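These notes are about the structure you will find just below.
The values are calculated or read from the model by the stated rules, or taken from the named source; none is laboratory data. Worth saying up front: this structure is predicted, and the values here are computed from it rather than measured. Cβ placement follows ideal geometry from the backbone for every residue including glycine, while neighbour counts extend to all protein chains displayed. Only protein heavy atoms, including side chains, enter the accessible area calculation; ligands, DNA and RNA are left aside. Shrake-Rupley method; radii C 1.70, N 1.55, O 1.52, S 1.80 Å.
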Amino acid sequence: MLAPLQRTPAQTSYAHLLRAFGLIQRVMRPYFQQHGLSQAQWGILRALHCAQEQGQPNGLRMGELGQRLLVQPPSVTTLVRRLVKSGLVAQTAAPNDRRGFVLRLTPKGESLVGRVLLAHQEQIRSVMGGLNDDELPAFVLHLERLNTHLAALAAKTPDTLD
């Protein structure tokens, strides 16, 4: 009989991180569904909204959207098509590129994002409620360090988004 595997601190941390991510998705799914959205669709709408807030009123190219979402553009194509079909996102030809296009929120999309954001802060507060306000800065610091490390690893990986 094999001896039970001893988990290292890294393995235990990784398992807890994956479980937390799965549970966050489970909690957030019905929140977005009440607005008629999937979590992935919300990610696209939020990225386009943030682009507008950051002074890019003409929208984002598919590649820029993929970089913001940390996914390859083909992964979001179907989602974008659905959002265009539902009238939440407009797709226009990119200047100086006959094959490319730019995505931006429509007025209907802006309205939906505004409605979701009304309750979003409270929803996030609820999700993060397992940590108190004094613990959150240290948690963010650890996540920032992990993200910096992961970004460096991703830069060495052949299928990066760069």
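Evaluation of Arg19 against the conditions (1) modelled with pLDDT of 95 or more; (2) touching a strand residue (DSSP E or B) at 6+ places or on another chain (Cβ under 6 Å) shows that the sole unmet condition is (2). Scanning region 21-44 for residues that are part of a helix (DSSP H, G or I) and closer than 19 Å to Glu122 by Cα yields a total of 15.
Could you tell me whether region 13-36 includes any residue that is hydroxyl-bearing (Ser, Thr, Tyr) and without any contact (Cβ under 8 Å) to a residue 12 or more places away in the chain? Yes, because at least one residue in region 13-36 is hydroxyl-bearing (Ser, Thr, Tyr) and without any contact (Cβ under 8 Å) to a residue 12 or more places away in the chain. Which condition number does Leu105 fail, the rest of (1) open to solvent by less than 80 Å² (accessible area, probe 1.4 Å); (2) touching a residue at least 60 places away in the same chain (Cβ under 8 Å); (3) within 25 Å of Leu146 (Cβ to Cβ) being met? Only one criterion in (1) open to solvent by less than 80 Å² (accessible area, probe 1.4 Å); (2) touching a residue at least 60 places away in the same chain (Cβ under 8 Å); (3) within 25 Å of Leu146 (Cβ to Cβ) is unmet by Leu105, namely (3). Just checking, does region 47-58 include any residue being open to solvent by less than 80 Å² (accessible area, probe 1.4 Å), within 19 Å of Gly109 (Cβ to Cβ), at pLDDT below 95 and not in a helix (DSSP H, G or I)? Checking region 47-58: at least one residue is open to solvent by less than 80 Å² (accessible area, probe 1.4 Å), within 19 Å of Gly109 (Cβ to Cβ), at pLDDT below 95 and not in a helix (DSSP H, G or I). Screening the candidates Val102, Val127, Val89 for the property of being modelled with pLDDT of 95 or more and in contact with a Lys or Arg (Cβ under 8 Å, 6 or more places away or on another chain) yields one hit, Val89. Every condition in (1) open to solvent by less than 40 Å² (accessible area, probe 1.4 Å); (2) small (Gly, Ala, Ser); (3) in contact with a Ser or Thr (Cβ under 8 Å, 6 or more places away or on another chain); (4) assigned to a helix (DSSP H, G or I) holds for Gly87 except the one numbered (4).
Selection within region 59-84: residues that are part of a helix (DSSP H, G or I), among the aliphatic types (A, V, I, L, M) and over 16 Å from Gln39 (Cβ atoms). The member of this set that is modelled with the highest pLDDT is Val84. If you go through region 5-42 one residue at a time, how many are open to solvent by 40 Å² or more (accessible area, probe 1.4 Å), over 21 Å from Asn147 (Cβ atoms) and in contact with a Leu (Cβ under 9 Å, 6 or more places away or on another chain)? Selection size over region 5-42: 3.
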